[in-house]
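For reference, the structure is listed below as structure tokens.
The values are calculated or read from the model by the stated rules, or taken from the named source; none is laboratory data. Being a predicted model, the structure only gives us computed values, none of them experimental. Cβ sites come from the backbone with ideal geometry, for glycine too, and all protein chains shown count toward neighbours. When the accessible area is computed, the model is the full protein with side chains, heavy atoms only, and any ligands, DNA or RNA have been set aside. Shrake-Rupley method; radii C 1.70, N 1.55, O 1.52, S 1.80 Å.
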Amino acid sequence: MLKKLGWVFGIVFIVVGVLGYVPAVTPNGLLLGLFMVDGIHNLIHLLSGILAILAVMGSAKYLRTYFQVFGVVYAIVTVVGFVQGDTVLGIIMVNMADNVLHLVIAVVALWAGFGMKESMPMGMGSSMSSAM
């Protein structure tokens, strides 16, 4: 499960990073007309995705560490974004949609890095029947 989530993070962040540079998809600097993007923001998305892919191709420990660090960093970015409103430390431009999305990403990454069990069962039924 953790590996699948790592692939999803990696691929989605790389795609978002690339799309952020496509003017037709970023009218007025808004990805899909909703999320604020700029060159640095896009580069951060690309690097985040590449690091996720590298972590997936490494050990389970690397992937768990990726999610732990990534989750903490995104949680900080979320708090700073909500406090500052339209920027994160004057480095990347954000709006409310970005801040909410960063919050969701932080929660998922923190859960994957700190809360997800080593081997989660594929289906609830199989774990329930073995417990009885």
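At a glance:
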| quantity | calculated |
| --- | --- |
| Residues (among the aliphatic types (A, V, I, L, M), in contact (Cβ under 8 Å) with a residue 12 or more places away in the chain and either assigned to a helix (DSSP H, G or I) or open to solvent by 80 Å² or more (accessible area, probe 1.4 Å) (or both)) located in region 74-92 | ALA75, VAL77, ILE91 |
| Given (1) outside any helix (DSSP H, G or I); (2) within 11 Å of the chain's Cα centre (by Cα), number of the condition TYR21 does not satisfy | (2) |
| Extreme residue, modelled with the lowest pLDDT, among residues of region 81-132 that are among the acidic types (Asp, Glu) and more than 15 Å from the chain's Cα centre (by Cα) | GLU118 |
| Positions within region 1-47 being under 23 Å from LYS61 (Cβ atoms), open to solvent by 20 Å² or more (accessible area, probe 1.4 Å), in contact (Cβ under 8 Å) with a residue 24 or more places away in the chain and not hydrophobic (A, V, I, L, M, F, W, C), in sequence order | LYS3 |
| Selection status of LEU63, open to solvent by less than 60 Å² (accessible area, probe 1.4 Å) and out of contact with any strand residue (DSSP E or B) (no Cβ under 8 Å at 6 or more places or on another chain) | yes |
